[in-house]
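The values are calculated or read from the model by the stated rules, or taken from the named source; none is laboratory data. Bear in mind the structure is a predicted one, so any value in this text is a computation, not a measurement. Cβ: placed from backbone, ideal geometry, glycine included. Neighbour counts: every protein chain shown.
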DNA sequence: TTGACCATGTAATTAGTTACATGATTAC
DNA sequence: GTAATCATGTAACTAATTACATGGTCAA
């Protein structure tokens, strides 16, 4: 049982879903390909944490719907009381920045712009996710409350990323002093 | 050649370092254990991207110092012109939040507090890193400029994380309306 | 004396990605 | 017709973690 397994288990307590559904639902919060998810679901079914049934569809391919078992819920509740592990971020961008000094002069600006665009794309992505959450689920304690606050987290992080990009650009342009703290820091 | 390899290569263009040194230097920007770094360095030396020599120390164990070769620099420059891949973050916290509804009432506040403390610890960590960068290296184009802006990035992200935790806490306390945008978003 | 730091490595395992494989429907 | 979406799986590989293994110095 790795972390992803618990995430899938958690999503399945909300509603019965296919592996494909789960892949789409977990994407915003944990990147995983279908090739990792399908075997994991099989394994969990084998361990009797999940139960499955095939559902025929007329227009689309048949799908295998999974649901959590009593044993699965117990497992999930057990996980909920364990300490949360620290996040792991791996960003090639950081390593690029670290050795940008050895490349030609424009490369810093190039990757900075690339990253800023990526953050803007992220904002569009999260805004879209947010718009898909039904209004009546935006209450504390409602089923989608978790999704809502996580989307907001994603938006805030992307916003901060853009602010950082702007700050570095200003430094490169000589429009800001190097010791100047970043906007977000100075506000606190 | 994975991303980490290029990061190590990049650090080595700054100065000759041991595997142990590299492990410490890369930590803030890319988490990797010594057990991954040592074999990678061996492999890169085998590919003639690096050269090594043993240095005896009286008080501490002997160390193997690595330096980039001409071939290594070429490899690094080639990498610098390739498109930067998107960052990957895996955070158990997100999956917890997603299924916090099925646990007892206090669990949301518990993990929220846990995470806020982690962010505060992060700020101390990055402030410490920042204080170790010599003042005369805080210029655009200086050797440590990349480290400096990355540390600032880490500080900004942690700050945003704390703001998000506070926002969610207010929601739980009923002190903020659910549709209220987060502080950082509203400013833009 | 116990734990942290220095220093290097290998072995075993898990987690995650890429590629292989198939096939229907729908929208441009 | 060509790409995207739906839908499920396996095989091969790479990346990363955990565990095994050793051993000296220094500080609380």
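Every residue, every condition in (1) touching a residue at least 60 places away in the same chain (Cβ under 8 Å); (2) away from chain B (no Cβ under 14 Å); (3) farther than 30 Å from residue B:112 by Cα; (4) away from DNA strand C (no atom under 15 Å from the Cβ), yes or no:
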position	(1), (2), (3), (4)
A:46	no, yes, yes, no
A:79	yes, no, no, no
A:83	no, no, no, yes
A:94	no, no, no, yes
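Taking the criterion of being within 13 Å of DNA strand D (Cβ to nearest atom) and in contact with a strand residue (DSSP E or B) (Cβ under 7 Å, 6 or more places away or on another chain), the residues of the stretch B:42-90 that qualify are B:44, B:57, B:62, B:63, B:87, B:88, B:89, B:90.
Filtered by the rule that a residue be part of a helix (DSSP H, G or I) and more than 9 Å from every other protein chain (Cβ to nearest Cβ), the stretch B:9-24 gives B:12, B:19, B:20, B:21, B:22, B:23, B:24. Hey, any hits in the stretch A:171-188 for a residue that's buried (at least 22 other Cβ atoms within 10 Å of the Cβ) and modelled with pLDDT under 95? Checking the stretch A:171-188: at least one residue is buried (at least 22 other Cβ atoms within 10 Å of the Cβ) and modelled with pLDDT under 95.
Quick one: which residue in A:38, A:66 is part of a strand (DSSP E or B), away from chain B (no Cβ under 11 Å) and touching a helix residue (DSSP H, G or I) at 6+ places or on another chain (Cβ under 9 Å)?
Exactly one of A:38, A:66 is part of a strand (DSSP E or B), away from chain B (no Cβ under 11 Å) and touching a helix residue (DSSP H, G or I) at 6+ places or on another chain (Cβ under 9 Å), namely A:66.
Total residues in the stretch A:111-129 satisfying the condition of being within 11 Å of chain B (Cβ to nearest Cβ) and surrounded by 16 or more Cβ atoms within 10 Å (Cβ to Cβ): the figure is 8.
Using the structure shown, decide if residue B:9 is away from DNA strand C (no atom under 14 Å from the Cβ) and in contact with a strand residue (DSSP E or B) (Cβ under 9 Å, 6 or more places away or on another chain). Here the answer is yes, as residue B:9 does meet what is asked. Within the stretch B:20-40, does at least one residue satisfy the condition of being within 14 Å of DNA strand D (Cβ to nearest atom), at pLDDT 95 or above, surrounded by 13 or more Cβ atoms within 10 Å (Cβ to Cβ) and farther than 24 Å from residue A:86 by Cβ? The answer is no; no qualifying residue exists.
What single numbered condition from (1) touching a residue at least 60 places away in the same chain (Cβ under 8 Å); (2) away from DNA strand C (no atom under 16 Å from the Cβ); (3) under 16 Å from residue A:11 (Cβ atoms) fails to hold for residue A:109? Unmet condition: (3). Of the candidates B:168, B:151, the single residue that is touching a residue at least 24 places away in the same chain (Cβ under 8 Å) and under 29 Å from residue A:134 (Cβ atoms) is B:168. Of everything listed in (1) in the same structural domain as residue B:34 (by TED's automatic domain parsing); (2) touching a residue at least 24 places away in the same chain (Cβ under 8 Å); (3) over 20 Å from residue B:7 (Cα atoms), the single unmet condition for residue B:57 is (2).
Flag not set for residue B:50, criterion: within 14 Å of chain A (Cβ to nearest Cβ), within 13 Å of DNA strand C (Cβ to nearest atom) and crowded, with 17+ Cβ neighbours inside 10 Å.
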